[in-house]
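The values are calculated or read from the model by the stated rules, or taken from the named source; none is laboratory data. Nothing here was measured: the structure is a model prediction, and the numbers come from that model. All Cβ positions, even for glycine, are placed from backbone atoms using ideal geometry, and neighbour counts span all protein chains on display.
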Amino acid sequence: MNSAMKKYICEAIGTMVLVLFGCGTAVFSGNIVAIALAFGLSIVTMAYTIGKVSGCHVNPAVTLAMYLDGQMSLGDAWKYMVAQVIGAFAGSGILAIIVKCGELDLDQVSMGANGFGRLNFFGALLVEVILTFVFVLVIFAVTDRKMKSAGVFIGAALLFVHIMGIPLTGTSVNPARSLSAAFFGGPASDWDSLKELWVFIVGPAAGALLATIANRKLIRGEGED
């Protein structure tokens, strides 16, 4: 197997783990801290498992940021994103099977889908932009410094953005995770999660763009005299 295919498979596996354990904890626990820990620890464990192979993006927003920063080609970036979406659907699919094997009714389970909650669309969009901005900026900061503990800091960042974001939007910061959860979650007659899905694609993308700019101008200091 060539090195490129290994990277794509690792991205699919990493995203599958993130969605299965993160959204699975949301379905079976519902506790904000537990959910945040599940997402954060999924990133930490996958960073040290597949990080040396693919970089452990497991998130189209992170891949977009790396492409915008010139760290990967467009061809590699879109293949990463496809692999991440496939992995996310695999994670949600496995979770759906587990739910069907239990006492829960799949038609009444959100599957961790994101939504506006008590916010309007602008509030939800703003939350997702800010959360993704902070998350991606941390990724840039620790990976630029090639820190051995980078995975821990990235996982911690994902954990704390979830603690704030879960009561507001369910916390996406990851379009692949939102897409799969929206597809599998909720009763067939309830299209809210699909109608609101665009916010959880546009918001993380905008946050990734802003983090790339901030990292270049403020953290890395490109263009300074």
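A few points about this structure:
- The residues of segment 14-36 that are crowded, with 20+ Cβ neighbours inside 10 Å and over 13 Å from the mean Cα position of the chain (by Cα), listed by number, are 24, 25, 26, 27, 35.
- Taking the listed residues 136, 129, 85, the one that is in contact (Cβ under 8 Å) with a residue 24 or more places away in the chain, crowded, with 24+ Cβ neighbours inside 10 Å and under 22 Å from residue 203 (Cβ atoms) is 136, with no other qualifying.
- Segment 26-73, residues that are modelled with pLDDT of 95 or more and β-branched (Val, Ile, Thr): 32, 33, 35, 43, 44, 45, 49, 50, 53, 58, 62, 63
- The criterion of at least 3 residues that are charged (D, E, K, R) is met, among helices (runs of 4 or more DSSP H) falling completely within segment 1-92, by 3-28.
- Flag if residue 102 is closer than 20 Å to residue 17 by Cβ and at pLDDT below 95: no
- Set 102, 115, 165: member being free of Cβ contacts under 8 Å to residues at least 40 places away in the same chain, farther than 24 Å from residue 10 by Cβ, buried (at least 20 other Cβ atoms within 10 Å of the Cβ) and of a type outside the set (D, E, K, R): 165
- Within segment 173-199, residues that are within 18 Å of residue 93 (Cα to Cα) sit with their Cβ atoms under 8 Å from residues that are modelled with pLDDT under 85 and of a type in the set (D, E, K, R), at 6+ positions apart or across chains, in these pairs: 186/107; 186/192; 187/107; 188/107.
- Meets criteria (out of contact with any Cys (no Cβ under 6 Å at 6 or more places or on another chain) and more than 18 Å from residue 174 (Cα to Cα)) for residue 85: no
- Looking only at segment 47-70, residues that are hydroxyl-bearing (Ser, Thr, Tyr) and more than 19 Å from residue 137 (Cβ to Cβ) come to 3 in all.
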